[in-house]
Amino acid sequence: MPEDRPPLAGRRVAVIGAGYVGLPTALALDRFGHSVMICDRDDERLSHLRRGLSPILETGLEELLGEALHRGQFRTTPRAAEAVVGAEFVFLCVDTPPAKDGSADLSFITAVAEEIAPHLERGAVVVNKSTVPLGTAELVEGLIGRGDVDVVSNPEFLREGSAVANSLRPDRIVVGAKDLTVAQRVAALFEQTGSPVVLTDRRSSELIKYAANAFLATKLSFVNSLASMCEAVGADARDLARGIGYDRRIGPDFLQPGPGWGGACLPKDATALVAMAAAAGVEVDVVRAALSSNDSQRDRVVEKIRVAAGGDLRDHTVAVLGLTFKSNTDDRRNSPATAITRKLIERGARVRAHDPTVKAAGEAPPDLQQVTVCEDPYEALAGAEVVVILTEWPLFRELDYRAVRDLVARPVVVDTRNLLDGDLLRSLGFTYFGAGH
Ligand code: UGA
């Protein structure tokens, strides 16, 4: 940015929802020099924030929060009606969890829209940042029912674990609005990021979010299927990833095979995209196939573990390393690691598990009732007949595998993430199964 052109800052912004999307967004906007009021109905969450404590595990979030509190422009309130007073921009970052039928439950967003409607300033812009179905901007506009207030779509693309970096330096900013000048005003809030900006209509903007996640999901299902093929034909998925990843049209990211893709977003959004397309009379069968391939991937991993265990899982001890859906998060929503662990239990295996974010003390989480959760990885490994890496936590690479070999009952490792050094393990006497080689 040229020195003589000060960045657009000092706008008054309200952010409703202090979760995975709202909090990094609010703190990034604060860092860009805007004055931010964040609202969450969870008072405890707010009091944590005021004390500088992040309610979610995100690299760099507490530092950013500390800086925001130090600058003194960052305020909190439990009441949405209060948050919007004086705000030029109101970001809706509330949860839109899947309802029983798989569609997005919009009750939080509609309740907030109705609550804030009479309190919004004249000319305020309401910005939908939550992942919402096509047509939600129009729905919110109807609920607010004010001709002087604009409703725009500005989807979020941040990844759990790197939410701060993604918020401060997003790959792109997408804003969908009825009126181009309103879209430009919203995009200007993020001018300091220097990121490319895509201005469009509201439906396209809403669809971009689903398309991005469904594309990533499809890419990963392709990679996992090809990894299985590599195993079957004696090829190596790691070289395959490099060999295709240098092609700029394909790109090097999201080419790592794993136990299946999960989390709160990819499965939900890929499913929703298929459903929304079907409702519009369009069959997006490539994404449907990606979803079913991802279901099969979990079974393929269980099958691999069964073979590694010598043919039967019943009464065999399996040490599971990793329960979260990926590393650097404490999130187990739709986690392939947790799903595979449950399948192992169903097949009669005794599972001992370790994950740095899952506490052994107290009552085990309901979905892990029959799992022996150990706070120490070595404790989980004791007596194991198969060791399975399900989440790519770096600490699993740093274990002393010489000591591990003496702890386990059989030195067999199934590494679904290609996290470990297979050659080193083999030299220590392990039988090592990687992913796609
Ligand atoms: C995803 C998208 O990447 C974000 O851009 C998006 O904003 C977010 O959803 C959202 O909609 O909120 P996230 O859910 O944090 O982010 O997870 P990813 O980092 O995308 O990982 C998804 C899954 O793919 C994980 O299970 C991960 O282990 C798996 N994965 C990822 C692989 O198996 N291999 C890879 O090479 C990359």
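For the stretch 204-240, the set of residues classified as crowded, with 22+ Cβ neighbours inside 10 Å, among the small types (G, A, S) and over 17 Å from F433 (Cα atoms) consists of S205, A214, A217, S221, listed by residue number.
Here is a yes/no grid of residues against (1) within 16 Å of the ligand (Cβ to nearest atom); (2) hydrophobic (A, V, I, L, M, F, W, C); (3) in contact with a Ser or Thr (Cβ under 7 Å, 6 or more places away or on another chain):
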residue: V301; (1), (2), (3): yes, yes, yes
residue: G310; (1), (2), (3): no, no, no
residue: G322; (1), (2), (3): yes, no, yes
residue: R332; (1), (2), (3): yes, no, yes
residue: A339; (1), (2), (3): yes, yes, no
residue: V351; (1), (2), (3): no, yes, yes
residue: A361; (1), (2), (3): no, yes, no
residue: P366; (1), (2), (3): no, no, no
residue: Q370; (1), (2), (3): no, no, no
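Taken together, the residues in the stretch 259-286 that are part of a loop (DSSP other than H, G, I, E, B), in contact with a helix residue (DSSP H, G or I) (Cβ under 7 Å, 6 or more places away or on another chain) and either near the ligand (Cβ under 6 Å from one of its atoms) or not assigned by TED's automatic domain parsing to the domain that holds A217 (or both) amount to 3.
For the stretch 392-412, a residue qualifies if it is within 16 Å of the ligand (Cβ to nearest atom) and buried (at least 16 other Cβ atoms within 10 Å of the Cβ), and the qualifying residues are E392, W393, F396.
Considering only the stretch 142-176, how many residues are of a type outside the set (A, V, I, L, M, F, W, C), assigned to a helix (DSSP H, G or I) and away from the ligand (no atom under 13 Å from the Cβ)?
First, pick out the residues of the stretch 142-176 that are of a type outside the set (A, V, I, L, M, F, W, C): 142, 145-148, 150, 153-156, 159-162, 166-167, 169-172, 176.
Those still in the list that are assigned to a helix (DSSP H, G or I) too: 142, 166-167.
Applying the additional criterion that residues be away from the ligand (no atom under 13 Å from the Cβ) yields 142.
Total satisfying the criteria: 1.
Name the single residue that is farthest from the ligand (Cβ to nearest atom) among those in the stretch 209-258 being on the phi > 0 side of the Ramachandran plot and small (G, A, S). So the residue we want is G234.
In the set (1) within 13 Å of the ligand (Cβ to nearest atom); (2) polar (S, T, N, Q); (3) surrounded by fewer than 13 Cβ atoms within 10 Å (Cβ to Cβ), the condition left unmet by S292 is number (1). Going residue by residue through the stretch 376-397, is there one that turns out to be modelled with pLDDT of 95 or more, within 18 Å of L323 (Cβ to Cβ) and hydroxyl-bearing (S, T, Y)? Yes; the residues of the stretch 376-397 include at least one that is modelled with pLDDT of 95 or more, within 18 Å of L323 (Cβ to Cβ) and hydroxyl-bearing (S, T, Y). Residue-level check: of (1) surrounded by 21 or more Cβ atoms within 10 Å (Cβ to Cβ); (2) under 28 Å from L8 (Cα atoms); (3) not acidic (D, E), A117 misses just (1). Checked against the criterion of being surrounded by 15 or more Cβ atoms within 10 Å (Cβ to Cβ), outside the structural domain of V284 (by TED's automatic domain parsing) and within 16 Å of the ligand (Cβ to nearest atom), the stretch 177-189 contains not a single residue that satisfies it. Count of the stretch 187-204 residues, restricted to those that are touching a Phe, Trp or Tyr at 6+ places or on another chain (Cβ under 9 Å) and of a type in the set (S, T, N, Q), is 2.
Of all residues in the stretch 32-44, those satisfying the criterion of being surrounded by fewer than 19 Cβ atoms within 10 Å (Cβ to Cβ) and under 12 Å from A18 (Cα atoms) are R41, D42, D43, E44.
Does S292 satisfy being modelled with pLDDT of 95 or more and under 17 Å from L158 (Cβ atoms)? No. The residue list L226, L255 contains one member that is outside any loop (DSSP other than H, G, I, E, B) and at pLDDT 95 or above, which is L226.
The values are calculated or read from the model by the stated rules, or taken from the named source; none is laboratory data. Predicted model only: the values in this text are computed from it and were never measured. All Cβ positions, glycine included, derive from the backbone under ideal geometry; neighbour counts span all protein chains shown.
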